[in-house]
Amino acid sequence: MKKILKKLLILSIVFMILTLIYARFIEPKLLFVKDEIISSPYIDKSFNGFKIIQFADTHLGDFYSLEDLEKLVIKINDQKPDLVIFTGDLIDNSSTYDKTKSIAPILNKIQASKGKFAVYGNHDLGGAGAKVYDDIMKKSGFKLLSNSKTSISLERGKKISLFGLDDFMLGNPNISSTFKDLNKDDYNILLVHEPDVADRLTDYNIDLQISGHSHGGQVRLPFYGPIISPPYAKNYNVSHYTVNENSRPYELYVNTGIGNTKNPFRFMNPPNITVITLNNK
């Protein structure tokens, strides 16, 4: 009996060590492509097959390098997107990161036929962070949406509307101003860093909210889920949700991010980009 217990103890220790090695050095370096099909009668048929790529939460710094970013850009371009969106948290700590000038030349390589757009995350603000982020994204060819709206049009004149709200933790989001020109006949997409704000916005005719911030908890356990969820990502932290069940559903997609913050571990939650394909139904 003692020999069996000893073997079990040794096996348990070996398993824990191997799990830690995997979560520290292997899973954080993986990069998957997650496909999501979004169908709605408010999507014009001319947008059938329109491809949006979302990436989020790179957190450039100690746990995510410029070399990793180069690989990410290649992966994005391999998908041949129509639209690319970044939902915030580019640099983990811009006050200590000393390679900011090298970021824009890499991100500028991202190719999207209908444009590249971004919103602020909480790590993009505070101190001189906003100025650094603004400068990088503009040089990278991204248009920042902060309490503002733009439209994506196709040849037939049909369009989708794209809204961006400022960060809810450290920014100054203005909901009423942002949606004052919302047209309920359009297909309306909202970009905002924090997913849980969806519960405040269901009275508006938003069809799809795209968010990040949660990292999916970084470490997830079977039958439990994320060990830790940050503020504004307690209710919605991974994948696809229908926030309401009205005749016009409010859908939410939460990307679990690319990089890490506070700790270098990822487990059962590998980095990924999302390919959202629009379809009329």
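The values are calculated or read from the model by the stated rules, or taken from the named source; none is laboratory data. It should be emphasised that the depicted structure is a prediction, and the values quoted were computed from it without experimental measurement. Don't worry about glycine lacking a Cβ; one is built from the backbone with ideal geometry, like all the others, and counts go over all protein chains shown.
Are any of the residues in the stretch 214-225 under 18 Å from F168 (Cα atoms) and touching a residue at least 60 places away in the same chain (Cβ under 8 Å)? The answer is yes; a qualifying residue exists.
The condition (being basic (K, R) and at pLDDT 95 or above) is satisfied by just one residue among R156, R200: R200.
Across the stretch 1-48, the number of residues qualifying as at pLDDT 95 or above, assigned to a loop (DSSP other than H, G, I, E, B) and more than 30 Å from N246 (Cβ to Cβ) comes to 2. Residues that are in contact with a strand residue (DSSP E or B) (Cβ under 7 Å, 6 or more places away or on another chain) and either modelled with pLDDT under 95 or within 27 Å of K34 (Cβ to Cβ) (or both) number at least 3 in the following helices (runs of 4 or more DSSP H) confined to the stretch 54-149: 66-78.
As a summary of the residue check, V119 satisfies the conditions (1) free of Cβ contacts under 8 Å to residues at least 40 places away in the same chain; (2) buried (at least 21 other Cβ atoms within 10 Å of the Cβ); (3) among the β-branched types (V, I, T) except for the one numbered (1). On the given criteria, is K51 within 30 Å of Y187 (Cα to Cα), among the charged types (D, E, K, R) and not in a strand (DSSP E or B)? So K51 fails the test. Residue check: is S65 polar (S, T, N, Q), farther than 20 Å from E251 by Cα, surrounded by 11 or more Cβ atoms within 10 Å (Cβ to Cβ) and free of Cβ contacts under 8 Å to residues at least 12 places away in the same chain? For S65, the condition - polar (S, T, N, Q), farther than 20 Å from E251 by Cα, surrounded by 11 or more Cβ atoms within 10 Å (Cβ to Cβ) and free of Cβ contacts under 8 Å to residues at least 12 places away in the same chain - is met. The residue of the stretch 68-109 that is nearest to the chain's Cα centre (by Cα), among those that are more than 22 Å from P28 (Cα to Cα) and among the hydrophobic types (A, V, I, L, M, F, W, C), is V84. Exactly one residue out of G88, G115 is within 19 Å of H213 (Cα to Cα) and not hydrophobic (A, V, I, L, M, F, W, C), and it is G88. Whenever a residue of the stretch 174-189 is among the small types (G, A, S), its partners that are part of a loop (DSSP other than H, G, I, E, B), lying with C-beta atoms within less than 9 angstrom and at least six residues away or across chains, give the pairs S177/N147. What do you reckon, is T87 of a type in the set (V, I, T) and under 12 Å from D134 (Cα atoms)? Against the criterion (of a type in the set (V, I, T) and under 12 Å from D134 (Cα atoms)), T87 does not qualify.
What tally of residues in the stretch 231-251 results from selecting those that are of a type in the set (A, V, I, L, M) and touching a Pro at 6+ places or on another chain (Cβ under 6 Å)? The total comes to 1.
Among residues of the stretch 262-279 that are on the phi < 0 side of the Ramachandran plot and buried (at least 21 other Cβ atoms within 10 Å of the Cβ), those with a beta-carbon under 6 Å from a residue that is aliphatic (A, V, I, L, M) and assigned to a loop (DSSP other than H, G, I, E, B) at least six positions away or on a different chain give the pairs P271/L31; P271/I258; L278/I43.
Check off (1) buried (at least 23 other Cβ atoms within 10 Å of the Cβ); (2) in contact (Cβ under 8 Å) with a residue 60 or more places away in the chain for Q209 and give me the number that stays unchecked. Tallying (1) buried (at least 23 other Cβ atoms within 10 Å of the Cβ); (2) in contact (Cβ under 8 Å) with a residue 60 or more places away in the chain, Q209 fails exactly one: (2). Determine whether I106 is under 20 Å from V192 (Cβ atoms) and either surrounded by fewer than 15 Cβ atoms within 10 Å (Cβ to Cβ) or in contact (Cβ under 8 Å) with a residue 24 or more places away in the chain (or both). Taking the combined requirement at face value, the residue does not satisfy it.
Where strands (runs of 3 or more DSSP E) fall wholly inside the stretch 183-258, the ranges with 1 or more residues that are of a type in the set (A, V, I, L, M, F, W, C) and closer than 23 Å to I91 by Cα are 187-191, 208-211, 251-254.
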